[in-house]
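Throughout, read-outs are computed from the coordinates displayed, never taken from laboratory work. Keep in mind it's a predicted model, so treat the numbers as computed, not measured.
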Amino acid sequence: MGNHAELREESPISGQRTVTAAASVLVFVLFLGAQGCGSSGGTFPPPPAPTFTTIDAPGAGAAVGLGTFVQDVNAGGYIVGYFKVSPFDLGHVFVRSSAGVFTVLDVPGQGTLNGQGATAQRINAADTIVGYFADSQSVIHGFTRTLDGNFSIFDAPGAIATYTAGINDAGTVVGQFVDNNLAVHGFIRTQDGTFTVFDVPGAANLSVVGINAGGAVTSSFADILFVYHGFLRNPDGTSDIFDAPGVGIGCDPESGTGCIMGTGVADINGSGEIVGTDYATIGPRSFVRTAAGVFNVFTPPGTNGAGSSSAGINDSGAIVGNYTDANNATHGYLRNPDGTITRIDDPNAFQEANSAGTFVTHINATGAIVGYYFDAQGARHGFLRE
């Protein structure tokens with residue numbers, strides 16, 4: 001279990017390769033114009049630097065607390081999120097095609113008053129979007145929207161509020177709901193509309209975060225001492241409660257200082273690897289947990305006491321997340337499968353001491369990364385890094 005990693009900057013560095021004598025003639029021919037004569041080796045051109053594309057949804061506000069919140073990108077390059085035009089609205093859903101075409105979606109029945117509107121959470125490989133919305137009575141419902149524009153509106157059984165969190169490529173949706181007694185339960189909804197409700201033993205609160213291709217569902221929950229734990233529900237209905245190593249064991253809710261202790265879960269990939277945040281007494285740290293239950297806790301170099309947190313993982317094992325540096329500025333990170341870490345800063349982000357900077361939200365199967373950044377006025381803009 002390692003806590004150290006090599007930090008790579010966004011600017012690529014050329015790799016130096018020695019060419020054998022047998023291949024020197026071929027190298028000479030290939031690089032004659034650029035390298036000249038008299039050498040048995042050469043410097044190969046570096047890989048292209050990552051490109052950043054700003055994602056501003058049509059109509060998004062441009063002031064503090066407003067702007068574009070990018071949530072997810074699928075393997076085909078479709079991006080979903082929501083935008084805010086008022087600090088009091090829930091949001092407005094958008095989808096951006098791989099060609100850069102925006103579509104603003106009005107979910108049937110969404111309200112237009114303060115606290116009402118809609119958000120998108122995830123998009124699967126079939127371009128089906130999952131999210132939730134507040135209607136004109138401020139009741140929360142779940143929805144899916146297919147590429148051809150068809151919406152399905154749903155409520156979990158017995159729910160007074162239904163919050164979606166994820167969708168897999170089979171169209172199965174997961175999330176949590178609140179019942180009449182204000183108790184929180186998890187749910188699984190298959191594409192044909194069949195619900196499965198599940199509870200976590202000892203949970204005082206529950207936050208479902210995702211489902212993988214095999215149907216494994218993961219979440220975080222708080223116990224009665226306000227300590228968070230990870231929870232995995234396997235496709236066969238069996239479950240596992242887990243804690244990252246070194247987590248805090250509790251805090252005093254009467255202190256007024258506010259704290260989060262325990263294990264926070266963020267995402268699960270097709271192999272069953274889970275990423276999240278280890279809320280340790282020494283500060284938050286990122287973690288990845290293998291399908292076998294082995295933890296690797298890590299912190300990007302340069303992280304301060306505010307720590308780091310994981311946000312997503314793809315099927316190749318590439319992890320994205322965020323951390324705060326010694327100047328209290330926020331950066332995204334990419335942790336490659338070999339353990340090396342690249343800092344991610346959108347070039348347009350306001351990145352000074354104590355600035356919000358750049359936040360990463362997800363990574364797709366091809367390694368495209370999405371998130372949002374803050375400008376000098378405090379408005380949010382989405383980005384795509386490829």
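Below are the figures for this structure:
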| item | result |
| --- | --- |
| Residue-averaged [θ]222 nm for the chain, counting only DSSP H segments that reach four residues, each worth -39500 (n - 2.57) | -500 deg cm²/dmol |
| Kirkwood Rh (inverse of mean 1/r, distinct Cα pairs), the range 256-372, angstrom | 14.3 |
| Mean Cα-pair separation over length for the range 241-386, i.e. relative contact order, pairs under 8 Å, 6 or more apart, % | 14 |
| Karplus 3J(HN,Hα) series, Hz, for the range 56-73 with 6.51 cos²θ - 1.76 cosθ + 1.60 (x for Gly, Pro) | 10, 5, x, x, 5, x, 10, 9, 4, x, 10, x, 10, 10, 8, 10, 7, 9 |
| ILE55 long-range amide H proximity, modeled H, under 5 Å | GLY382, PHE383, LEU384 |
| Among THR164, THR218, THR190: highest mean-square fluctuation, GNM of the chain, C-alpha pairs under 10 Å | THR190 |
| Amide H contacts of GLY166 (H built 1.01 Å from N, under 5 Å, at least 5 apart or other chain) | VAL174 |
| Full-extension gain in nm, ALA126 to THR190, via 0.36 nm per residue minus C-alpha separation | 21.6 nm |
| Computed over the chain: relative contact order in percent, which uses C-alpha pairs under 8 Å that are six or more apart | 14 |
| Vicinal HN-Hα couplings computed from phi for the range 325-337 (Karplus, 6.51 cos²θ - 1.76 cosθ + 1.60; Hz; Gly/Pro x) | 8, 5, 8, 6, 9, 9, 9, x, 9, 10, 9, 6, x |
| Of PRO108, PRO245, PRO45, the one that fluctuates the most in a GNM where the chain has Cα springs shorter than 10 Å | PRO45 |
| From phi via Karplus (6.51, -1.76, 1.60), per-residue ³J(HN,Hα) for the range 124-131 in Hz, x at Gly/Pro | 9, 5, 8, 6, 8, 9, 10, x |
| Kirkwood hydrodynamic radius over Cα pairs of the range 304-358, then Stokes diffusion coefficient at 4 °C and 1.567 mPa s, in µm²/s | 112 |
| Extension reserve of the VAL104-GLN377 stretch, reckoned as 0.36 nm per residue once the Cα distance is removed | 95.8 nm |
| Amide H within-cut-off set for ASP72, under 5 Å, with H built and near neighbours excluded | VAL80 |
| Sorted largest first, extent of the chain alpha carbons per principal axis (Å) | 81, 45, 44 |
